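Below is one structure, written out as structure tokens; the observations come after it.
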């Protein structure tokens, strides 16, 4: 991981803050305002994870106060600008967070002292075959699943143009290494070290598939296409329903050209997170 410097990364600009609407963040916001004044940077209100504002130029750090859902929304705002996200956990597990809210002041001080680093993660870009095509970024996963009460999902999964799976079941999860510990693990897929450049494909409740899961190279392209007789399908990006997949429909997933950037202010390992969080 490379060092993170507020001065070099922010260019003397601003720090954005995104908060969860479900928790009281007042004390942390006051603490952040005082710290930013000491650092000579402006604080920009990015709203809540339920209704975020856009990220303007000159922002060198985004601070997310909330759970993993809030941090995911912050990453969506920050990644196009190549800005790091410091996640402060207000929830329970907090796989993406740097620390709990009780240590927020300590995290800010470590950033100010130049002790923070950047943890780069592979994100995914999904192109949904609507007209016109819709492109969205996923940090955890893309899920193509049957709509409840409409029978069986019938899907063909191709990797770089070659058919590898023909699925009959509930659908399929396409996950990043970061997202492999979310829905993917619950569906029987592997937990993948987030430092890997990989894509994980895991069928959901399939009938007759010989593969429980498949770990692909990060340079591969996954294409999921509907087959005749499939139930209506919906797509979810990082746990949020985006829209119904057209019938017949196609969705392509590949690694994003830019990395998601998480700011770390203290030692933390993936294996320790697994031991305490799963």
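The values are calculated or read from the model by the stated rules, or taken from the named source; none is laboratory data. Quick caveat, the model's predicted, so the values are computed rather than measured. Glycine gets a Cβ as well: all are built from the backbone with ideal geometry, and neighbour counts include every protein chain shown.
Are any residues in the range 210-226 exposed (fewer than 15 other Cβ atoms within 10 Å of the Cβ) and either at pLDDT below 95 or assigned to a strand (DSSP E or B) (or both), and if so, which ones? 210, 211, 212, 217, listed by residue number. Checked against the criteria, residue 139 counts as crowded, with 16+ Cβ neighbours inside 10 Å, assigned by TED's automatic domain parsing to the domain that holds residue 215, in contact with a helix residue (DSSP H, G or I) (Cβ under 7 Å, 6 or more places away or on another chain) and over 17 Å from residue 223 (Cα atoms).
Of all the residues that make up the range 66-100, how many are surrounded by fewer than 20 Cβ atoms within 10 Å (Cβ to Cβ) and either over 18 Å from residue 124 (Cα atoms) or not assigned by TED's automatic domain parsing to the domain that holds residue 264 (or both)? First the steps, then the outcome.
Our first condition is that a residue be surrounded by fewer than 20 Cβ atoms within 10 Å (Cβ to Cβ); within the range 66-100, this holds for 69, 80-82, 91-93, 99-100.
The next check asks that each one be either over 18 Å from residue 124 (Cα atoms) or not assigned by TED's automatic domain parsing to the domain that holds residue 264 (or both); those that pass are 91-93, 99-100.
The number of residues fulfilling the criteria is 5.
In the range 26-38 there is no residue matching the filter, namely being more than 22 Å from the chain's Cα centre (by Cα), in contact (Cβ under 8 Å) with a residue 24 or more places away in the chain, in the same structural domain as residue 113 (by TED's automatic domain parsing) and outside any helix (DSSP H, G or I).
Meeting the requirement of 3 or more residues that are in contact with a strand residue (DSSP E or B) (Cβ under 6 Å, 6 or more places away or on another chain) and closer than 25 Å to residue 77 by Cβ, the strands (runs of 3 or more DSSP E) wholly within the range 131-200 are 134-138, 141-146, 171-175.
What is the number of the single condition among (1) part of a strand (DSSP E or B); (2) in the same structural domain as residue 81 (by TED's automatic domain parsing) that residue 266 does not meet? Unmet for residue 266, out of (1) part of a strand (DSSP E or B); (2) in the same structural domain as residue 81 (by TED's automatic domain parsing): (1).
When you go through 151, 186, 129 one by one, which is the residue that is in the same structural domain as residue 243 (by TED's automatic domain parsing) and either crowded, with 18+ Cβ neighbours inside 10 Å or at pLDDT 95 or above (or both)? When all the criteria are applied, what remains is 129. The residue of the range 189-201 that is nearest to residue 216 (Cα to Cα), among those that are touching a residue at least 60 places away in the same chain (Cβ under 8 Å) and surrounded by fewer than 23 Cβ atoms within 10 Å (Cβ to Cβ), is 198.
Of all residues in the range 19-65, those satisfying the criterion of being exposed (fewer than 12 other Cβ atoms within 10 Å of the Cβ) and touching a helix residue (DSSP H, G or I) at 6+ places or on another chain (Cβ under 8 Å) are 38, 54, 57.
Counting the residues of the range 112-126 that are in a loop (DSSP other than H, G, I, E, B) and either buried (at least 18 other Cβ atoms within 10 Å of the Cβ) or touching a strand residue (DSSP E or B) at 6+ places or on another chain (Cβ under 9 Å) (or both) gives 5.
Against the condition in contact (Cβ under 8 Å) with a residue 40 or more places away in the chain, under 25 Å from residue 78 (Cα atoms), outside any loop (DSSP other than H, G, I, E, B) and in the same structural domain as residue 152 (by TED's automatic domain parsing), how does residue 241 come out, does it pass?
no
How many residues does the range 227-238 contain that are assigned to a strand (DSSP E or B) and more than 11 Å from residue 155 (Cβ to Cβ)?
Just the residues of the range 227-238 that are assigned to a strand (DSSP E or B), to begin with: 233-237.
Filter once more, keeping what is more than 11 Å from residue 155 (Cβ to Cβ): 234-237.
Total meeting the criteria: 4.
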